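Structure record follows, encoded as C-alpha cells.
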Amino acid sequence: MSQNWRRKSSVSAWDKPEGGWSRRQRGGIIATVGGFIEGLATALIRRKIFVVIFLLLTLLSFFTAVPFVPHFNWGSGKYVIILAANEGGGVMHWKGAKEWAIERSSIENKREYAERHGYHLAVKDVSLKKRYSHEWRESWQKVDIIKETMRQFPNAEWFWWLDLHTLIMEPQISLDQHIFNNLYNETYRDLTGQFNPLNLPVQIPYVDYNQPVDLIVTQDCGGFNLGSFFIRRSDWTDKLLDLWWDPVFYEQRHMEWEHKEQDALEYLFTNQPWIRGRVGFLPLRKINGLPPGACSEMENDKQLFYDEKSRDFLVNMAGCEWGRDCWKEMESYKAKAVELHRKKWWLF
C-alpha cells in the first residue's frame, strides 16, 4: 500500500501520462494557467499606478537627462576629460571666494557632462611646481599631466584637455555626435586656404596626410589654442609628449617662447613632418568659442567668438584673468546655458 502511494505521488500533476492528457486533465491545466494570468492581470491593474510610474522612470532614465532621476550611461570609457584645476595653487596670489566659485562651477559642469555620456573625468591639480632650481615651469605641466592620466586610464583612447575657464554650453551633445562620428570630415589637415594667424608654413616636405589623426587642435588670434584640445593614445603620441616635454629642448628655446608649451608645439608642427602628418584642425568655435574681450585685435571676426544663435558647443574664457572678470564671465555663461535649455524643459 505504501509502495503504491509513493509510486502515485511521484507523478507530478504536470507530467504527461503515457496515454496522453484526458479532456478533464487538459481542462484543469488550462484553468490553472488562466487563473494565474487572471490573478497577475488583477494585481497589475490594482497596482497600475506603480507600473506606470516605473515605466515612466525607466524611459526618463534611458532616454532623457531630466534631473533628480538616476540615469543609465550609454557611453563607454573611450573618452577621458582632463580638467585643469587649482591654477597657480595660490602661489602667485591668494585664491579668493570668486576663484573657488569658478572652480566649483567648472568642475560641476564637466562632471555632469561626463556622467551624462559615460565618460571619465580626471580633475588635475596644476598648482605651480618647481621643476628646476631657477624657475617655475608653469603651464608646461599639460604634458606631464596627460602622460599621468593615460597611465591612470589604460583602456581609454581619447583624452580631452580643458582649462578651468571653460564651460560646456550644449551638454546634450556627445563627443561622437559633435566630432568623432565624422572625424575626417570635421577636421582639416592642410593649412592651404585655412585660418592661419601666425602664417605657419602651409606645406613642408615629407608630410604624409594619409596617417590617422592623433591630435586635434584649433587656432585663435594667437595661434594654437590649447585651452581645449584632444589627443589620442598611440605610439606617435608617446613620442610627441616625450619631445614636447624634453628639458634640453625646453632649455634651448624657453626664453623665446612667450606662450610656453603652445609655442613649443607650434615649433614642432612647423619643423617636423612626422608630427604635422597626424595633426587635425577644427574650426575654433567647434570646441573653443571665445567671449567678447578675447582676441580684441580681431574683434570683428565672427569665426572666433561664441554665438548662442548657432548654439556653439563650448565657450573658452581664455585670458579672462588679464584685465577681465573671470567670475562675471563664468556666471554670465552659466545663466545663458540655463536660459538656452529652459524652453526645452517647459515643452517636455
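Nothing in this text is a laboratory measurement; each read-out follows from the coordinates by a stated rule. Note that the coordinates shown come from a computational prediction; the quantities given were computed from them, not determined experimentally. When we count neighbours, we look across all protein chains shown, and the Cβ atoms used for this are built from the backbone with ideal geometry, even at glycine.
A few notes on this one:
- Sequence-distant residues sharing a close amide H with residue 164 (under 5 Å, placed H): 84
- Rounded to the nearest 0.05, the FRET efficiency derived from the C-beta distance between residue 311 and residue 272 at R0 = 22 Å is 0.05.
- Each label point was placed 7 Å from the Cα along the Cα-to-Cβ direction; for residue 199 and residue 111 their separation is 4.8 nm.
- All other residues whose Cβ lies under 12 angstrom from that of residue 234 are scored, Lys and Arg at +1 and Asp and Glu at -1, for a net of 0.
- Taking a Cβ cut-off of under 11 Å around residue 208, the surrounding Lys, Arg, Asp and Glu residues balance to a net charge of +3, with basic ones at +1 and acidic ones at -1.
- 3J(HN,Hα) from dihedral phi, region 149-154, Karplus parametrisation 6.51/-1.76/1.60, rounded to Hz, x for glycine, proline: 5, 5, 5, 5, 10, x
- Within region 96-120, backbone nitrogen closer than 19 Å to the virtual label 7 Å beyond the Cα of residue 176 toward Cβ: 113-120
- If R0 is taken as 30 Å, the Cβ-Cβ distance between residue 144 and residue 78 corresponds to a FRET efficiency of 0.85.
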